[in-house]
1. List the number of the failed condition for Leu181; all other conditions in (1) hydrophobic (A, V, I, L, M, F, W, C); (2) closer than 21 Å to Arg254 by Cα; (3) modelled with pLDDT of 95 or more hold.
2. Of all helices (runs of 4 or more DSSP H) completely enclosed by the range 160-253, which ones contain at least 1 residues that are surrounded by 19 or more Cβ atoms within 10 Å (Cβ to Cβ), free of Cβ contacts under 8 Å to residues at least 24 places away in the same chain and of a type in the set (A, V, I, L, M)?
3. Given the structure, is Gly260 surrounded by 20 or more Cβ atoms within 10 Å (Cβ to Cβ) and modelled with pLDDT of 50 or more?
Amino acid sequence: MTVVEIPSGTHMTEQWLGGRFRLDERIGLDDQVSGPCGSSWEARGLSLWKATDQLLNRPVTIYLLPRGPVPHAVIDAVQSAAKVSDPRLATIYDSDFDERCAYIVTEWTPGTHLEDLVLSGLPNPALAAAMIADAADALAVAHQAGRPHLRLTPRSMRWDNASGLKITGLGLDAALCGVALEDPVAADTTALARMLYALLTGYWPGEEPTALPPAPRYKGNVCTPRQIRAGVPAILDAIAYRGLHGQAADAPLRPQTPAGMAMALRMVQRPSYRLEPESEPVMRPGGQQRPGRHARARAGFRLRTTLLHPAA
């Protein structure tokens with residue numbers, strides 16, 4: 001293992017880890033994690049880097065940990081997250097827990113944070129439903145493997161029109177922050193509902209500090225999405241609002257889960273996933289036209305979500 005010295009607050013070039021990973025650019029932790037936890041990470045000496053895996057010639061993300069023993073919770077989070085396989089979850093590639101220079105190598109995730117995405121313009125409700133359905137599906141896979149996220153924030157979900165949805169920090173962000181929750185299922189489900197609420201309204205309904213404005217309240221309660229934004233379908237209103245309280249949309253007495261939320265959101269009419277321009281219109285009897293892509297969608301083709309048409 002190659003041990004490197006990286007002074008805090010400086011940008012160093014041609015520094016290597018393990019003789020394989022070249023540190024290219026230091027990333028602000030606030031770009032990865034929202035809230036005060038990011039600042040506490042830096043205070044403890046942790047840094048985040050964009051790096052290059054010279055062996056496989058690909059970009060990676062590296063968590064460079066403080067010197068000293070690595071907490072058992074972090075080691076456990078890395079080992080368990082590495083066993084979860086889903087293309088929507090950032091993959092853990094490598095790790096070294098040597099006390100002199102411990103690091104964790106994960107997939108580099110391009111795209112826009114959900115927080116920045118909302119600030120730039122809201123997607124239409126169907127696209128919002130499709131995005132969170134994919135995120136809920138991914139977390140359902142992780143829960144089934146015994147690895148909840150525990151710290152899902154607007155900064156741990158990215159969207160890229162080319163590669164789609166990616167969730168970062170599965171279990172790892174929570175372990176580094178020292179977060180331990182009694183009900184992981186409820187924590188991740190509520191976080192998903194908050195993400196959906198933000199995509200539908202542009203407001204954040206949680207208590208965590210984010211760049212989004214706090215959700216309006218009436219008599220101490222967060223307003224429903226339909227009270228804030230016209231045109232939100234009633235089913236999405238119910239899924240988002242009841243999900244904030246851990247309730248299933250169709251049965252308030254039943255706890256909601258990521259898998260249950262994904263199933264409920266799949267019932268919402270999904271938009272096309274196409275990245276290329278829309279196809280030529282199809283002629284109906286009588287001379288009426290309709291877009292060809294909708295014909296394929298009705299035929300049951302599973303396409304890929306894209307945010308090409310944000311709402312005004």
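The values are calculated or read from the model by the stated rules, or taken from the named source; none is laboratory data. All of these numbers come straight from a predicted model, not from anything done at the bench. In this analysis, Cβ positions are derived from the backbone assuming ideal geometry, glycine residues included, and neighbour counts consider all displayed protein chains.
1. Tallying (1) hydrophobic (A, V, I, L, M, F, W, C); (2) closer than 21 Å to Arg254 by Cα; (3) modelled with pLDDT of 95 or more, Leu181 fails exactly one: (3).
2. Result: 234-243.
3. Judged against the criteria, Gly260 is a match.
Yes/no per residue for (1) surrounded by fewer than 19 Cβ atoms within 10 Å (Cβ to Cβ); (2) touching a residue at least 60 places away in the same chain (Cβ under 8 Å):
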residue: Ala81; (1), (2): no, yes
residue: Asp98; (1), (2): yes, yes
residue: Ala102; (1), (2): no, no
residue: Val105; (1), (2): no, yes
residue: Thr109; (1), (2): no, no
residue: Gly121; (1), (2): yes, yes
residue: Pro125; (1), (2): no, yes
residue: Ala128; (1), (2): no, yes
residue: Leu139; (1), (2): no, yes
